[in-house]
1. Quick one: which residues, 5 or more positions from B:Val221 or on another chain, have an amide H under 5 Å from its amide H? H modelled 1.01 Å from N in the peptide plane, none for Pro or chain starts.
2. Can you say what percent of the DSSP beta bridges in the stretch B:105-233, counting only those with both residues inside, are antiparallel? Round to 5.
3. What shape does the stretch B:133-233 take by its C-alpha gyration tensor, where a ≥ b ≥ c are the square roots of the eigenvalues and a/c under 1.5 counts as rounded, a/b above b/c as prolate, and the rest as oblate?
4. Between helix B:121-135 and chain B, what is the angle of the helix's C-alpha long axis to the longest principal axis, kept within 0 to 90° and rounded to the nearest 10?
5. For the stretch B:164-233 and the stretch A:89-122, what is the separation of their C-alpha centers, rounded to whole Å?
6. Based on DSSP H assignment, which helices of chain A show an axial Cα extent of at least 27 Å together with a mean Kyte-Doolittle hydropathy greater than or equal to 0.0?
7. GNM on chain A, C-alpha springs below 10 Å: top fluctuator among A:Leu361, A:Leu39, A:Leu50?
8. Based on the alpha carbon coordinates of chain A, what radius of gyration and maximum Cα-Cα distance (Dmax) apply, in Å?
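The numbers here are math on the coordinates, done by the rules we state, and not lab data. Just so you know, these numbers come straight off a predicted model, no measurement behind them. Quick reminder, even Gly has a Cβ in these numbers, built from the backbone with ideal geometry, and neighbours come from all protein chains shown.
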Amino acid sequence: MSAVKLALHNLRGAGIRTWLNGFALSLAFVAIIFSQGLLEGVNRQAERALIDFEFGGGQFWCEGFDPYNPLTFDNAHRVLPETIAHLVESGQAVAILVVPGTVFVRGKMVPVLLKGISTSQAVLKIPTAVLVDSSGHIPVLLGARMAKKLNVGVDDYLTLHWHDKEGTFNAREARVAGIMQTSVGTIDQGQVWLPLKQLANLAGLEGQATVVVLKPGIKPPPAVEAWKFHTTEFLLSDLRQMIKTKTVGQSIMFIVLFLLALLAIFDTQVFSIFRRRREIGTLIALGMTRGAVIAMFTFEGAMYGVLAAFLGAIYGTPLFLYLSAYGLAMPGGNQWGFALEERMYPAWTAGLIFGTIVLVLIAATFVSYLPTRRILKLKPTDALRGKWV
Amino acid sequence: MNGKQVVVETIDLIKRYPMGRQELTALKGVNLKFYRGEFSGVVGPSGSGKTTLLNIIGTLDTPSAGSVRVLNERVESLSPRRAADLRSRFIGFIFQTFNLLPVYTVYENVEFPLLLLKLPGKERRKKVLAALEWVGLIDRANSKPSQLSGGECQRVAIARAVVKEPELILADEPTANLDAENSHHILSTMVKLNQELGTTFIFSTHDEKVIKFLLRRIKLVDGAVVADEEVKG
């Protein structure tokens, strides 16, 4: 009781030093919670975008299709089996046909993947309705990045080249019917979307598809011959791996911040014990055990953690609430290597905040305790005379 | 002194300190008895071993050889916890440099030993106010040590030492940092306490002002007792 009371008195008595230490540690608190919240937000947004625009509730890949191996694309198409075709017809899934090709525009030849998709689908958030065209031209939908790369806008024309199933080289003029804004680079860069029926017809692959995307929440049919189902979890594993590597960099930053804050506490404790050695001697002379003195100093140091949590809450709460509501602009977000919106909305969970507070409190208590072990070696008679061991 | 209760007894007390490669013998076979209610003092020049003797009696240090009994406890065999308990219950210290806790008020400094004894709040308050009344500092109860004069600080230290009504008060050069007027005031207070509460006082001093007040003077020179005389009060 007296150790706690004395510790609180000492903290109060130390005045501005107590507040400065608390503030320094609170910066680490807020920085850790901020960076973790940002990563959590990035993670959630990227996963949401991928689910909305590409993965849906999981994908069937036809036998031989490997999205990471372009050599498989030429023959990666199959007639839809009845169970899957039924899902597509009822709007619970969307079929996508992938045909390798090139685009020729403004003197540039760019290799692309031509992707056929139903214009009436509602499984993915790709705005396929713009692909309904009665002008006689092949309508194509491009992502904003692809349009920028090709330097084309809506209603511009480009030439599509492809090989049909016989290997015959074909070319047709197409009109840009729409440009979509999406954070998912894998449906944008190097992709040209056109109506499924038209692409199948051009390639001589009527009734065939490469990938079938299920609507989220739809249970996949049991094993289908020549088609393999991949769950959303599986499809997201690359993204999660990538985020993990980004997390390492973030972690190093907050570990440095955290260590600096802990070093400040450690330093304060060492200095405090040295400066107050006569007081330590007095406390022992008055009847306090060394253990109680150590407890007092440790408690004092641990209170910096509590003070930091309090200070961090004062300026961190409005900051986090603002960022949650209005997001954070991410310049150059497209270079992250995964789906990233231009505004990121950090996400904080009670577990993250509570976990961080507990972590900092434990660490602050531990670094407060470390220097106090010297008190064990301090002779009270030396301490009373202001001598140090 | 026969028939009086022995509070402190040293038997062939030797204390050595390492001094580089050599050893310094601070106490050379000291044999002394201090009795309940005595107002005594160990006098002698600097380096004669006075503070060392008081530190051992106060269980802040241990003998290198020989034995010391304080309130029927052998200092050399006390565990740190038991020694702390003995100090908190039965021994009061008054230091040359006052050693008040700087962030505490006068009241809280005096209250501190009672907190260690875990006395209830009401009782603590009663005792603290009585102790402050004794030393005439009731009106400075809310002041911090930094706001007090040297004399006032030492009176707070006395109040802190007596508030738990200890059996024994050890005062190490209590007037060394005080002027003559304050020294006289402090010593008068201690005499009053000794007479009214029967508290045993052992001083360590080479200050003539203090020596005049002592009723028993033990002269220590180079760690050995060379004289032990009682003075008629």
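1. When sequence neighbours closer than 5 places are left aside, the close amide H contacts are B:Val226.
2. For the stretch B:105-233, the DSSP antiparallel bridge percentage is about 55.
3. In terms of gyration-tensor shape, prolate.
4. 70 degrees
5. The two parts, judged by their Cα centres, are 103 Å apart.
6. A:16-50, A:232-275, A:290-326, A:350-372
7. The residue that fluctuates most here is A:Leu361.
8. My reading of the Cα-based Rg and Dmax gives 31.5, 101 Å.
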